Structure formats: structure tokens, C-alpha cells
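Reading through the C-alpha cells given below for one structure.
Derivation of every value follows stated rules applied to the coordinates shown; laboratory data play no part. Being a predicted model, the structure only gives us computed values, none of them experimental. No Cβ is skipped: glycine too gets one built from the backbone with ideal geometry, and neighbour counts run over all protein chains shown.
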Amino acid sequence: MPALTNSKAELKQKGDAERGSASAVPQAPGGVATELPRTLPEEFLRQSTVRLGRLRGELKKQVARSAERCERVQEWLKSAQAKELQRQNPALKQVFAQARAAAKAVPKEQAKAIAAQEKALDQLQAQLTNVRAQ
């Protein structure tokens, strides 16, 4: 890989180039010269923002699916079928009680985890906004 041979003064001049102009990149292996447009960082920031939005949407879908599952478990545990199983096998009473407790606890635990994930996504969004403003 070729080394950069520019002096600090030359690099400073390149840093003062207009936004959107292309910068020459040292020749790549195999003799192929490439140029990188200065709009790449802006495109990366835009895509990152879009992906953050998708992550938030997926997070909301997962929360909804989990809440639905917990609700179905709680409903089934109250059903006639579950009560009949408990009558047939008294040992299931403790298992079902634990399942009920878990089904009630999961949404609370998940809410805490979601809040932490949302906070992390908010921080990442703020960092992207700061980078874009610079």
C-alpha cells in the first residue's frame, strides 16, 4: 500500500478544499487510482440516521410482540384447560404460579431494558446531529 507523502502544509491546503470536491487518494494496489467525494461522510450520516429510525421501529415491534405473548400466557393460565391440568396434576400449581409471576415481570423488565436502549439510541442520534453540525 503506498504511503502518504504529503507534507503538513499540503494536507492543510487539501483540508481547505471546498465541500463536495473530490480528493485524490494514493494509488491503490494494482495501479488503480481512486477518488473519494467529500459527500461520503454526509451520506454516511444520512444512512446512519435512517438506520437508527429502523432500529427504533423494530424495537417497538418486538415490544408489542412480547407484550402480546405475555398476555396470551396469562390468559391461558386462567383458562379452564389450565385449571383442569392443575386438578389432574397438583404439582403443576407451583409451575403455573411461577409462569404467572414471570409473565407479569417480563413487561416491567423489558420496559427497563427498552428505556436503556432508547437512551443509547438518543445519545447516538445526538452524536450524529453534532457531527452533521460540524
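The table below gives the values:
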{"read-out": "Selection from S79, V131, V106 lying farthest towards where the dipole of region 41-133 points positive, charges on Cβ", "value": "S79"}
{"read-out": "Neighbourhood net charge (13 Å Cβ-Cβ; Lys/Arg +1, Asp/Glu -1) for K93", "value": "+2"}
{"read-out": "Lysine-lysine proximity count for region 41-133, Cα under 17 Å, sequence distance 8 or more or distinct chains", "value": "11"}
{"read-out": "Computed Rg/Rh of region 47-118, alpha carbon atoms with Kirkwood Rh", "value": "1.20"}
{"read-out": "Per-residue HN-Hα couplings for region 49-57 [Karplus 6.51, -1.76, 1.60; θ = phi - 60°; Hz; x = Gly/Pro]", "value": "5, 4, 5, 4, x, 5, 4, 4, x"}
{"read-out": "Residue-by-residue Karplus 3J(HN,Hα) for region 92-100, coefficients 6.51, -1.76, 1.60, Hz, glycine and proline x", "value": "6, 4, 5, 4, 5, 5, 5, 5, 4"}
